[in-house]
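Participant: Let me give you the structure first, and then I'll get to my questions.
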Amino acid sequence: MLKAGDRTGCRANCNPAVAEITRSLAAVRLLSIPTNLNSVTGKKPMSPWVAAGINLLAWPGIGTFVGGRKVSGAIQASMALIGGILSLSLIVVLFKLALKLDSHRFDTEEFMAGNETYLIVGTTGFCLLAFAWIWAAVSSFLIANESKTSN
């Protein structure tokens, strides 16, 4: 319950200025928002280096998602997944090229014309994957700057 001297209804780690707005106890309890979220959740803040490592070395977008930017992290991760799947068609072209090189006569123009669809899809996928990776690198930098300014 509230103490006689504490009419704001503010609990630990909250902003009493927000609680002063209303007098109703229920409304005061709703408005007494903790300013330190880590003390409420009990979790330690994630290191920006962990987010950067996940983003740049494991899977672009997952580090951004874990670092707190849920929407952009999900978009980056899905772009990286789609780009990775589409770029697998370049491996198909590589295998076809390896099989054609064994033959005596190899026509480059004919090979390119026959595999044009695979090359376009693979190049588009690779560009999508590269864009997601660069976006994840920029997001890692922004997460690191944000954590530096909050400390």
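Participant: Would you check which residues across segment 64-103 are aliphatic (A, V, I, L, M), assigned to a helix (DSSP H, G or I) and farther than 20 Å from residue 129 by Cβ and list them? Don't jump to the end; show me each part of the working.
Facilitator: The first filter runs over segment 64-103 and keeps only residues aliphatic (A, V, I, L, M), leaving 66, 71, 74-75, 77, 79-82, 85-86, 88, 90-94, 97-99, 101.
Checking the rest, the ones that are also assigned to a helix (DSSP H, G or I) come to 66, 71, 74-75, 77, 79-82, 85-86, 90-94, 97-99.
Once the filter is applied, which keeps residues that are aliphatic (A, V, I, L, M), assigned to a helix (DSSP H, G or I) and farther than 20 Å from residue 129 by Cβ, segment 64-103 yields 97, 98, 99.
Participant: Could I ask something else about it? Quickly run through segment 77-118 and pick out the residues that are surrounded by 11 or more Cβ atoms within 10 Å (Cβ to Cβ) and farther than 29 Å from residue 59 by Cβ. Lay out the reasoning, then the answer.
Facilitator: Filtering segment 77-118 for residues surrounded by 11 or more Cβ atoms within 10 Å (Cβ to Cβ) gives 77-94, 96-97, 100, 106-107, 110-112, 114-116, 118.
Of everything in segment 77-118, those that are surrounded by 11 or more Cβ atoms within 10 Å (Cβ to Cβ) and farther than 29 Å from residue 59 by Cβ turn out to be 100, 106, 107, 110, 111, 112, 114, 116.
Where a number appears in this text, it was derived from the coordinates with a stated rule and is not lab data. Keep in mind that this is a model prediction, so the values were computed, not measured. Glycine gets a Cβ as well: all are built from the backbone with ideal geometry, and neighbour counts include every protein chain shown.
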